[in-house]
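Student: Input: one structure, supplied below.
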Amino acid sequence: MKILFLLLFLFLIDYYFFLGTISVFSKNTYAHNFYKYFFWILSIFVYFSITYLIFSSRNIEDYNFNNNNIIFSTIFFIFFGAKAIGSFPLILDDIFRFFKITINLFSKSNLDLSRLVFLKKSALFISATVVSSMLLGIKFGRFNFKKYYSNIFIKNWNYDYKIIHISDLHLGSFKSKDKLRKLVSLINNENADLLLFTGDLVNNHYKEVIPFKSILKDLKAKDGKFSVLGNHDYGDYTGLKRSSKEWKDNFNNMIKVQEEIGFDLLLNESRLIDKDQFKFNLVGVENWGAGNFNKDGDIDLAMKNVDDSLPTILLSHDPSHWRSVILKSKYKIDLQLSGHTHGLQFGVELKGFKWSPVRLRYKEWAGLYSSSKKQIYVNRGVGHLGYAGRIGIMPDISVLKIKNGTT
Ligand SMILES: [Fe+2]
Ligand SMILES: [Fe+2]
């Protein structure tokens, strides 16, 4: 039933966009007919894509590496996105028309109610720009790994220490073993002290890791590799109930596969990292996200065995955990590392300036932030979800140099 409502909603947006733009082309011309058929064939393909995706994500037992889910979800995001964003000039036009109707009614004047040609053409131009940019983002953004370097200062940190922080691999969308090998080699070339992964290893199912297991095993760091779970690692988006055997099997296998690729998965627990007698706490919580996201993260449990005279780094997938819980807590957590936002895979990032629509939802969405002597660093994600590309916000390998100092 929900799917029918979704399809009806998509159809209404399509129909609104179609009615608003078709009159750009004169009737009974080749361009008019071509636009009409092209528009609706494409729309039917989008409806098929979204229906296929909904059913295939629920059928987790038959997960297959060679599935085309990422292609279908990308088609959906490109064409639906183009029409939704392109509708803004038409909405603006309808607001003008509403005022004209009101004036005609009350003043008995006769203002022209037809759409403004300029706004109709703007709708088509914006949609074409969205489609072109998104196609370029697939070709030039999807695997364009970028190293983001940051110096982070922590009090009583008496060692120059290099951490590689990555997040959101989303292996179900990643598809390319060669690109993953390239990523592993870029990380290993840094010869880091520690490798930290802040969750969303998969989209839905532990089997997404299997084809990539031997490559991920090659990731190296002197003092080890540690990880936490992201909201996608629980299998909750498959529609399975947490009490079901299938859900539990998937979750247990998810934990097991992290061990098989050499990651020490921190489930509301901590480790003491001892580097030539320089010590610090590494704490990891399960996913905790504001709003509708699951709240399995338990900072009280995770901090139970922590020596708070030592510096502390926390791994927590969702950055909203920092503002909602960590900043208000009594715990001396010097630095939280998070991911989850992907920087929306879309935005602008120039020297000293960064912007993405995702900042409307997450105040801390990319890079370093601080407040009340606590800091958070948010990785932009190294994989992708939904749309198989990136525009302006590149796949992120964060190279964090931790030094002694105050914020
Ligand atoms: Fe993610
Ligand atoms: Fe996430």
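Every number here is computed from the coordinates shown, using simple stated rules; none is lab data. These numbers were taken from a predicted model, which means no experiment stands behind them. Cβ atoms come from the backbone with ideal geometry, glycine included; neighbour counts cover every protein chain shown.
Student: Please give the helix 30-58 orientation as an angle from the longest Cα principal axis of the chain, in degrees from 0 to 90, rounded to the nearest 10.
Tutor: With rounding to tens, the tilt is 30 degrees.
Student: Mind sorting Lys147, Lys83, Lys245 by how few other Cβ atoms lie within 10 Å of their own Cβ, fewest first?
Tutor: Lys245, Lys147, Lys83
Student: Then there's this: Give the residues of segment 263-293 whose amide nitrogen is closer than 12 Å to a point set 7 Å from the Cα of Leu310 in the direction of its Cβ.
Tutor: The answer is 270-283, whose backbone nitrogens lie closer than 12 Å to the label point.
Student: Run the simple label-point estimate for Leu136 and Phe98 please: 7 Å along Cα→C-beta, distance reported in nm.
Tutor: Inter-label distance under the simple model: 3.4 nm.
Student: Under a 5 Å amide H to amide H cut-off, with H placed in plane at 1.01 Å, what residues pair with Tyr148 once short-range neighbours are removed?
Tutor: Ile397, Ser398, Val399
Student: When a footprinting reagent is the concern and you count Cβ atoms within 10 Å, what order do His170, His317 take, fewest first? It would help to have the intermediate numbers written out before the result.
Tutor: Working: His170 23, His317 31.
Neighbour counts put them in this order, fewest first: His170, His317.
Student: Just want the ordering: His165, His32, from fewest to most Cβ atoms lying within 10 Å of their own Cβ.
Tutor: On the way: His165 26, His32 15.
Listed from fewest to most nearby Cβ atoms, that is His32, His165.
Student: Something else now. Quick one: if you stick a label point 7 Å off each Cα along the C-beta vector at Lys179 and Ser329, how many nm between them?
Tutor: 3.4 nm
Student: Where nothing but the Cβ of Lys and Arg (+1) and of Asp and Glu (-1) is charged, how large is the charge dipole of the chain around its Cα centre, in debye to the nearest 20?
Tutor: On the way: 53 positive and 36 negative charges, 252 e Å.
Charge dipole, the chain, about its Cα centre: 1200 debye, nearest 20.
Student: Let me ask another. Treating only the Cβ atoms of Lys and Arg (+1) and Asp and Glu (-1) as charged, compute the dipole magnitude of segment 222-335 about its Cα centre; round to the nearest 20 debye. It would help to have the intermediate numbers written out before the result.
Tutor: On the way: 16 positive and 19 negative charges, 55 e Å.
Its charge dipole is roughly 260 debye.
Student: To continue, here is another question. Note down the nm distance, to one decimal, between modelled labels 7 Å out along Cα→Cβ at Tyr159 and at Asn144.
Tutor: Inter-label distance under the simple model: 3.7 nm.
Student: Related question: Compare the Cα positions of Ile138, Ile22, Ser107 along the charge dipole of segment 2-141 (+1 at Cβ of Lys, Arg; -1 at Cβ of Asp, Glu; about the Cα centre) and return the one farthest towards the positive end.
Tutor: After comparing all options, I get Ser107.
Student: Please list 5-15, 305-315 highest first by mean number of surrounding beta-carbon atoms within 10 Å per residue. Before the final figure, lay out the partial values.
Tutor: Values: 5-15: 13.3, 305-315: 18.7.
Ranked from most to least packed, the peptides come out as 305-315, 5-15.
Student: Only Cα pairs under 8 Å and at least 6 apart count here; give the relative contact order of the chain as a rounded whole percent. Could you put the intermediate results ahead of the total?
Tutor: Numbers: 786 pairs, mean separation 82.6, N = 407.
Computed over the chain, the figure is 20 percent.
Student: Looking at the chain only, what percent of DSSP beta bridges run antiparallel? Nearest 5 please. Could you put the intermediate results ahead of the total?
Tutor: On the way: 21 of 51 bridges.
The answer is about 40 percent antiparallel.
Student: Taking a ≥ b ≥ c as the square roots of the eigenvalues of the Cα gyration tensor of segment 146-404, is the shape rounded (a/c under 1.5), prolate (a/b larger than b/c) or oblate?
Tutor: Since a/c stays below 1.5, the shape of segment 146-404 is classed as rounded.
Student: When the dipole is taken about the Cα centre of segment 2-141, and only Lys, Arg (+1) and Asp, Glu (-1) are charged at their Cβ, what size is it in debye, to the nearest 20? Before the final figure, lay out each step's value.
Tutor: Details: 12 positive and 6 negative charges, 97 e Å.
The dipole magnitude comes to about 460 debye.
Student: Work out how much length Lys373 to Lys121 would gain on full extension: take 0.36 nm times their residue separation and subtract the Cα-Cα distance, in nm to one decimal.
Tutor: Extending this stretch completely gives an extra 85.6 nm.
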